[in-house]
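For reference, the structure discussed in these notes is given below.
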Amino acid sequence: MSSISLPLRREWAPDGREGQKALVTGASSGIGEAIARALAAAGAAVVVNYHAKAESALAIVDDLTRDGGTAMAVAADVPACFSAAARPRAR
């Protein structure tokens, strides 16, 4: 897994993140993975978004849920979604 670690623990969010939901894009590796793990550790329910790394995303979800968190993986090409949304619509 990732070697990146962020200090988003209870000290970062004294009231925790219980009841909060987070969609983390690019969460199947690197900084996105570290952010997803930190938010889950702070108590948030996390959606692990991935585009091409399904196995990695599912492994992260397994880790987060094994540690008592709430998480799910969702495949989406986020830049393509925004690109499609930005196109002018025919009238």
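No lab work stands behind these numbers, since they all come straight from the coordinates. These figures come from a predicted structure and were not determined experimentally. Every residue, glycine among them, receives a Cβ derived from its backbone with ideal geometry; neighbour counts consider all protein chains shown.
Some notes on this structure:
- Backbone amide hydrogens, once placed in the peptide plane, bring A73 within less than 5 Å of V48, excluding anything fewer than 5 places away on its chain.
- What the phi angles of segment 36-52 give under the Karplus curve with 6.51, -1.76 and 1.60, with θ = phi - 60°, is a coupling list of 4, 5, 5, 5, 5, 5, 7, x, 6, 7, 10, 9, 8, 8, 9, 10, 10 Hz, glycine and proline written as x.
- Residue by residue, segment 67-75 carries 3J(HN,Hα) couplings of 7, x, x, 10, 8, 8, 9, 9, 7 Hz when phi is fed to the Karplus relation 6.51 cos²θ - 1.76 cosθ + 1.60 (θ = phi - 60°); x denotes Gly or Pro.
- Restriction of the trypsin sites (Lys or Arg not before Pro) in segment 30-70 to DSSP coil positions whose beta-carbon has at most 10 other beta-carbons within 10 angstrom yields no sites.
- Stretched out straight at 0.36 nm per residue, the stretch from A52 to F82 would grow longer than its current Cα-Cα span by 9.1 nm.
- Applying the Karplus relation 6.51 cos²θ - 1.76 cosθ + 1.60 with θ = phi - 60° to segment 23-35 yields 3J(HN,Hα) values of 9, 10, 6, x, 7, 7, 6, x, 5, x, 4, 4, 5 Hz, where x marks Gly and Pro.
- A cut-off of 5 Å between modelled amide H atoms, ignoring neighbours fewer than 5 places along the same chain, links A44 with R17.
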